[in-house]
Structure formats: C-alpha cells, structure tokens
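The values are calculated or read from the model by the stated rules, or taken from the named source; none is laboratory data. Being a predicted model, the structure only gives us computed values, none of them experimental. Note that we place each Cβ from the backbone using ideal geometry, even for glycine, and neighbour counts take in every protein chain shown. For the accessible areas, the whole protein counts, side chains as well, though only heavy atoms, and no ligand, DNA or RNA atoms are used. Shrake-Rupley method; radii C 1.70, N 1.55, O 1.52, S 1.80 Å.
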Amino acid sequence: MRGLISSSSKSKSSKSLLSYSIAIQFPPLHSPSDSSQSSVKNLYSSSCFRNSTSTEPLSRNRNGFFSSGYSRNPAKIADFGGNGCGFWRAQGLVAGARSFSGEPVSRESLNYDVVIVGAGPAGLSAAIRLKQLCREKDVDLSVCVVEKGAEVGAHILSGNVFEPRALNELLPNWKQEEAPIHVPVSSDKFWLLSKTRAFPCPSPFNNRGNYVISLSQLVRWLGLKAEELGVEIYPGFAASEILYDTTDKVIGIATNDMGVAKDGSKKDNFQPGVELKGRVTLFAEGCRGSLSEEVIRKFNLREQGQGQHQTYALGIKEVWEVSADKHQAGSVLHTLGWPLDSRTYGGSFLYHMKDRQVAVGFVVALNYHNPFLNPYEEFQRFKHHPAISPLLEGGTVLEYGARTLNEGGYQSIPYPVFPGGAIIGCSAGFLNVPKIKGSHTAMKSGMLAAESVFRTLHEGSPLEAFWDSLKSSWIWKELHSARNYRPAFEYGFFPGLALSALEHYILKGRSPWTLKHGRPDHEATAEAQLFRPIDYPKPDGVISFDVPTSLYRFSLSFRSNTNHDHDQPAHLRLRDPKIPELVNVPVYAGPESRYCPARVYEYVADESGHLKLQINAQNCLHCKACDIKDPKQNIKWTVPEGGGGPAYTIM
Amino acid sequence: MRTTTSAASRETASMRIMVAIKRVIDYAVKIRVKPDKSGVETSNVKMSMNPFCEIALEEALRIKESGRASEVVAVSVGPAQCVDTLRTGLAMGADRAIHVEFPGTLYPLSIAKILKALVDAEKPGLLLLGKQAIDDDCNQTGQMIAGLLKWPQGTFASKVVLDEENKVATVDREVDGGLETLCLDLPAVITTDLRLNQPRYASLPNIMKAKSKVIKKLTPQDLNIEIRSDLEVVQVTDPPKRKAGVILSSVDELIDKLKNEARVL
C-alpha cells in the first residue's frame, strides 16, 4: 500500500492525497476495524479523487518488469487484501457457496413444475409462454423464476435497438398493454472513424420497424406480465448450485446461503439457501451464465451442438441525458475504426432514446491480443472524438454498466438440452452478430423451449424436440445467414470488411462455406513483452470519467447500512491462487486489472515490492469478462449473495 | 400504574406490536431532481422499505420470538405500491398487514393522525417506527404520534428491553451527548436508530407464503381522517456544487477571508 502511495505522488496534481486503490476499498485496508458505516461515507466522498490509473503499479518498473528478475518467492499470495482469506484453500473448483457455512445446513426444499434461472428476456418469455399454454389447454403448471438481481431488470444491460419479432408472437397487444417501447428508429448511420474524422458509410443495417428501447425497462414490464399470468418471480435470490439426482439428471437448483461473513462464519442474519426442485429446469442466465457453463461442461454440450467454442465481446455502456437541441429520438449510430487498431474487432453504438436520454457504448471483442488494452479506457477516449463529444457536452451521465455478449453465432450454439432441462437465451448464444441483436432470438428461444417443455410435462414427449424446433425456426435461418461476418475478421480488419460486404451485398447469406472462429478468447492474449503499455488520456470528468466515478455515482447498488452485503466471501474464485503472481503478472502484465470494467482486480505492491492480486469483489458488475478472458482460465466467476451487483433501471 | 401479576402476564402475552413502515426510494439509488424542480425523480427508480423501518420491524419480530408479544402488525400509508413493501414485511415475519391507501403527498402530521386512528382500533401495547424516513429525513412522525396518543416515547433507540411483568420498556437512546436510558410505561412509542439490530433477510419460503397473506386495505375516509397540509413544496433543487477548497498560507489570510468573503466575522 505504501508503495502505491509513493508512486502516485509523482503526479503533479496536489489533489492526489489518497491512493487510487484506497479510494475503492471496502472496508479500507488501512483501518480494518473501522465500522462500516462511517468508512462508507468517507469512501463516498473520496471517490471523486482521480489520479493514478491501473497501469501505474506496473509501469513503475517498466524496464525491469518483464525481465526474468521477478522473484520466485510467491509465498505471500495468502492475504487478498482482506477479501476471503480463508476460502482459497478450497482445492480445485469450488462448486458453490455451500462450503462456506462449514457444517452442512439442512435446506428447505420447494417443488415446482418448471424452475427458470434468470428473469431476463429468455427466462421471462419462457415463463409467459408456459402460462399461456397452460391457459389454452386448461392445465396448471407451477413456474418459478429466480433472479440474482435485487429486482427484475437490475442486471439487464443492452444497447438496445429492439426487433419486436418475437414480442409480436408472444404478446401481440404489447402496445395497448403499455410496453415501454415508444421510440421507433428514425435514422440509421454508420461511420468509419479516424482519430479526427468520421467517414459516413452505407449502413449495413435495416432497422425499419425496430425501436430504440431500454431492455432493462422492457424486462421489468415482461416481469409484470409474467406475474399477471401467475408466474412466481423471486428477485434477490441467486441460484448457486445445480441439484442432481443419482442418475445425474438435473432436478433443480439451490440458492446461496445468505448472511455468511467474509471468513465463512455465519452472521446474525444467516439464512440457509433453499432448494428449488423442478421437473424441468431452464437456465436463462445470459451470456456466460455460471450454472449454464457448468452444465455445458458436464454434459459436453458444445461438442454435441454446432461444435465450435463460444467467442465473446465486452460491451461497456453509459446512458446520458443530453440537451434537448442535440437530441433526436430514434437516431441510431454505429462506428468502426478509431480508437481500436486494425487487429482488434469492436466499435461503438449511440442510440437516442426518449426524454433526452442517449445510450452510448463501446464493444470490444475479447479475442484482442494486446494485454495492455483497456476496453473501459477505449470507451472513454472514444467519447472525445470530435464527431461524438459535442453531443455529450453539457449532458449528465445517468447510469453506467458493462456486460459481455456472445459473438460466436451459428457455429458456437451448444446442444441446449440436458437430462432434466435446457439452456435458453444468451446462455446458449443466439445473438445475431452483424445485426448486433440478440434480444429477439433470446425471447424466441425461450418461447420454443416453453413449448417443448409443455409437451414434455403434459404429454411426455422428449425434451430433445427443443433442438429440432430451434433448427426449424427463424432463429436458425437468421443465424445461418449471419454466420460468416464475424469470423471473416480473423483475417484482419480490411479483409473482414471486404468479406462482410461480399456476404451482405452479393451472397446475401447464401455462401457455400462456413468460416471457423480463431482461438478461444483467453488464448488470444499475446505476451506483454510484445507490446508497450498504452498511454490512455486522463479523464476530464466532464465527458470521460475514471472507473470509481463511473461505478460509485452511476451503477452499483451497495447495501452497507443494514444488510452489510460487502461482508461476504468474494465470489470470484481463483482455481490456483499462485497463478496471478506466477503467470498473469510476468507474462501478461496482469490483464485483468485492465479488462475488468469495475476495477475488481488490482495489483498492489506489498512492503517488499511484490505485486499481489487484490480482488475488490464488491465492485463486480457481473459482466463475466474475467471468467472469459483470464489467460489460464484461472478466474471462476460464481454467484454472490442475491440482491447485490448493479442496479440498472434504464440500461 | 402497576396491575397484578397474573393479569399483567395475561395481557402482555397477548400484547400486540404495531410497526409503521414507509416505502421510500432505495437508499443505494442516486437520486435526481426532476427537470421541472417539483420534486425528486421517482419513476423507473428502485423503491424499498425504509432502512430504519426494517430495523423497527426486526425489533418487533425479536420481541415476539422471545415470547413477550403475540402478534406483529405492519402498517403503511401511501400509494397502491406500498403493498410490495408490506409483503416484504410479511415475508420477514409480520403476522398481519394494513395498508391505508392514499396516492397524494403525505406529511408527518397526517401520518400521525392516521396511525392514531389505527392504534385506537388495533390497541397495540407497543408502537415501533423508524426514527426517520430517508427520503424526507423529517424525524417527526414518532414524536407526533406519541403526543397525539399521550404515550411515552423513546426515540433513537439503540437498545430496547421489555419487562413484561411490570409493563415497562427500558430504552437506551443515542443522543448527542452519548447514551440516555429511559424507562417507559407501556403502551409506548419507540423509534429505532441504526445500531439497534441488523434486520434479517426474508427467506424464500417466507416470501412465497407472504404472497398469499391478506393485506387489509383502508382509506383515510374509512378512518375519518381528512388529509390536509399547511405545507406546500415550492421547489426542489440540487445543492450548489461544492467549490474546490483553497489552501491558505497564513492565519491572517484566513481571518481576511472569513471577514470579507464568507462574512462570518
């Protein structure tokens, strides 16, 4: 800690009284006995200190850093700055929070016909469709949806230009029922950016009939519709464990124990998790869902499906309120090019919603090579482009957040059915990459799953019929014709553009070949010695911000007064606690300290100058980038206590 | 007034606790002022039970679980969505809930009058409230209702001990000078402060059971209360942005600034 303070005093600003990393510790390292309430207030007021960026600890010793001179004495990883010192001793994969409470606690068990994990577009569409079928056939099935966010919609983040195709099928009267879909797309622009200029290009999209919405709001409305139909939705409960019977069939899930302290002991308000058993279990956790990944691995669903691994991108988004004269409801803009280089796939989006609100975001494909790339910083400097910043000047940021998304498309769809249930939505991966839309396909996959599940429970037909119904639906046709755009960029930026133009204008999706993806994202990170650290501009506090400001003012829901949610075991687990010091830092310069949009991972120098990984788990936005991008796949994202994490309302 | 032991234990064993709870903007939300400055933006904003009301409800539940009370009734006054907050209260363990529906703005005195009518009907032995609501920070309702009922009050409670035999509540209050201990004859009004307890999580099975519990609905007219207020909110604005601090080089400069710029000397 002290080492870090001395390094930041290099900066000229006299305001750098507090080290950057002190500003976001919760509770602060320097006074571990502080009562949480007063320290929370201090941290809130100090969160606006902006000084060193996360590259500073590493750049302190730029020359000698990647030399063989690092000490092979990693004995002291033990103390992760006060976060969960006890649990890393658990060997291998830690399946869920069961291990924390020590002795096994007897859990209550509740039975449903269908248990759905995740109240997002796919999960709620499946629930609604199930209840609709029940009404049609005069049958009753109990449907339970568990959601880890504090309320429905709290963990939903998306651009979003919404194609109402699936919603028209599910709830055709959505307009009369006052769905929050009000702004039709009015203009569709596509720019290629250089550092100073914007070159308009023909828009590859056809957004006629689509709407600019907040998916978080739409999902909240879907939740109301589901409850009206009798679906039981329980927000604030995180499904952390999959339940199997003796034949290895999935029989349901169990929620987290709540009220477990950081060291694993039970607090006063300890509440054991609850088992929710379903005749069918549907996983609708969104991209890289933690339980979905477990099921995919266990039942080898990738190999049985379309065969390729999944590839991902990280999207970082802000919702701004801009001045009325700059706002044009329905205006849609996408950009490619600057600030990303030609080896990195990604771009920006800028959508005008209603009430002077503008959604602006930046997406970076996670198969980037340069370990010094910081997607958050790329987003911040993008906003300063002369074609973009005038819009944001004079505006205020309302919300900030980040989430990973699937880019694998058709080639990466896993076989979605396993004994006891199925995977739907982005947990499987139905996003149409060239269209950058996945909400409509996620919803449709939920609806198709509901129809299969209904037939399984009501007539006994096999659940495997879900796969066939997917393959004969418009999801399949759409994803099939979109399958070659993204993989074309494996050949480079301009070849990718050329191939995409060929696909779009000439072949129109009827190409006879299917391109493959490159290496998995985590293997794509090259060694740090091949690159130089990127010198990102400092945020100006008006258009660009540092991570603490974004987090603390615009996104996270902290419960520090009554429920003390920060006092829980860190939900980010290291399979091998020595790897960060042995591999991530010397070989890759600690990329997790850069790609995490919530500054969860920080390397802090201890008294002897060794860099130790500090995990600020309470900052986590549940984006899953670390689970995807960690070079050795050493970081496992597991679900924290329900009710924490971001509190998105208009994202 | 001390009654005989047997009558007292019979009465206390059937003592009812009433807890008043308020639905407010969730404390973690960053609030924004509406562009027309008429108030704070509440649409698309997460609402939840006032944290101090949670503490009050938790205390009531603990008293019931220790056998000193037989029933906990949660009450709330406000628009239709208050039902959600009452359901959370039922899920935490309250036995019954009463919702007095009123969609407009409510001030502490109106709430106190409504609560008085409910107290007269339900006859609880103890009325618990949070010390203040985090949206208006009024810190008045508890005190006002104690005045209307002419009941003793123990506000800012950080510890509550009930002596059911003698029908006395011993309350430690957090006051500016430290802690003050009061003995209150029951029935009494107690408002709760932060360090009284840590509220429990509502468990999933309890949330499920609470969905089917009945919430009694009333309106102010049912209670013969007319809601009127002598207060009118004229404008709500953001506080002025804090200016950067200035580092001064001498005491003389400080005095000069205090005299001429801040004009406090």
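Looking across the stretch B:120-171, the residues that are among the basic types (Lys, Arg) and either more than 17 Å from B:Gly67 (Cα to Cα) or free of Cβ contacts under 8 Å to residues at least 40 places away in the same chain (or both) come down to B:Lys123, B:Lys131, B:Lys150, B:Lys159. Residues that are out of contact with any helix residue (DSSP H, G or I) (no Cβ under 8 Å at 6 or more places or on another chain), assigned to a strand (DSSP E or B), within 14 Å of chain B (Cβ to nearest Cβ) and surrounded by fewer than 22 Cβ atoms within 10 Å (Cβ to Cβ) do not occur anywhere in the stretch A:241-253. Within the stretch B:197-212, no residue that is at the interface with chain A (Cβ under 7 Å from one of its Cβ atoms) and assigned to a loop (DSSP other than H, G, I, E, B) sits with its Cβ atom under 7 Å from a residue that is surrounded by fewer than 15 Cβ atoms within 10 Å (Cβ to Cβ) and modelled with pLDDT of 90 or more at 6+ positions apart or across chains.
Taking the stretch A:124-239 and the strands (runs of 3 or more DSSP E) fully enclosed by it, the elements with 3 or more residues that are more than 20 Å from A:Lys317 (Cβ to Cβ) and open to solvent by less than 30 Å² (accessible area, probe 1.4 Å) are at A:143-147.
Of the residues that sit in the stretch B:43-58 and are more than 9 Å from chain A (Cβ to nearest Cβ) and touching a helix residue (DSSP H, G or I) at 6+ places or on another chain (Cβ under 6 Å), which one is surrounded by the most Cβ atoms within 10 Å (Cβ to Cβ)? In this case the residue turns out to be B:Leu57. When A:Phe349 is tested against the conditions (1) within 27 Å of A:Pro631 (Cβ to Cβ); (2) under 21 Å from the mean Cα position of the chain (by Cα), the lone failure is (1).
Within the set B:Ile134, B:Ile215, B:Ile247, the sole residue that is more than 22 Å from B:Leu109 (Cβ to Cβ) and within 14 Å of chain A (Cβ to nearest Cβ) turns out to be B:Ile247.
A:Thr335 fulfils the conditions (1) in contact (Cβ under 8 Å) with a residue 40 or more places away in the chain; (2) assigned to a loop (DSSP other than H, G, I, E, B) except for a single criterion, (2). Picking from residues in the stretch A:599-612 that are out of contact with any Cys (no Cβ under 6 Å at 6 or more places or on another chain) and within 25 Å of A:Gly289 (Cβ to Cβ), the one that is surrounded by the fewest Cβ atoms within 10 Å (Cβ to Cβ) is A:Arg599. Criterion applied to B:Ser76, B:Ser66 was being surrounded by fewer than 23 Cβ atoms within 10 Å (Cβ to Cβ) and either away from every other protein chain (no Cβ under 14 Å) or within 18 Å of the chain's Cα centre (by Cα) (or both), and the one residue passing it is B:Ser66.
Among the residues of the stretch A:489-500, the one identified as among the aliphatic types (A, V, I, L, M) and loosely packed, with under 15 Cβ neighbours inside 10 Å is A:Ala498. Just wondering, is there one or more residues in the stretch B:171-192 that are outside any loop (DSSP other than H, G, I, E, B), at pLDDT 95 or above and within 30 Å of B:Ser38 (Cβ to Cβ)? Looking through the stretch B:171-192, at least one residue is outside any loop (DSSP other than H, G, I, E, B), at pLDDT 95 or above and within 30 Å of B:Ser38 (Cβ to Cβ). Give A:Arg381, A:Arg403 a once-over and let me know the one that is among the charged types (D, E, K, R) and crowded, with 22+ Cβ neighbours inside 10 Å. Exactly one of A:Arg381, A:Arg403 is among the charged types (D, E, K, R) and crowded, with 22+ Cβ neighbours inside 10 Å, namely A:Arg403.
When you scan the stretch B:217-250, how many residues do you find that are open to solvent by less than 100 Å² (accessible area, probe 1.4 Å) and part of a strand (DSSP E or B)? Residues in the stretch B:217-250 being open to solvent by less than 100 Å² (accessible area, probe 1.4 Å) and part of a strand (DSSP E or B): 1 in total.
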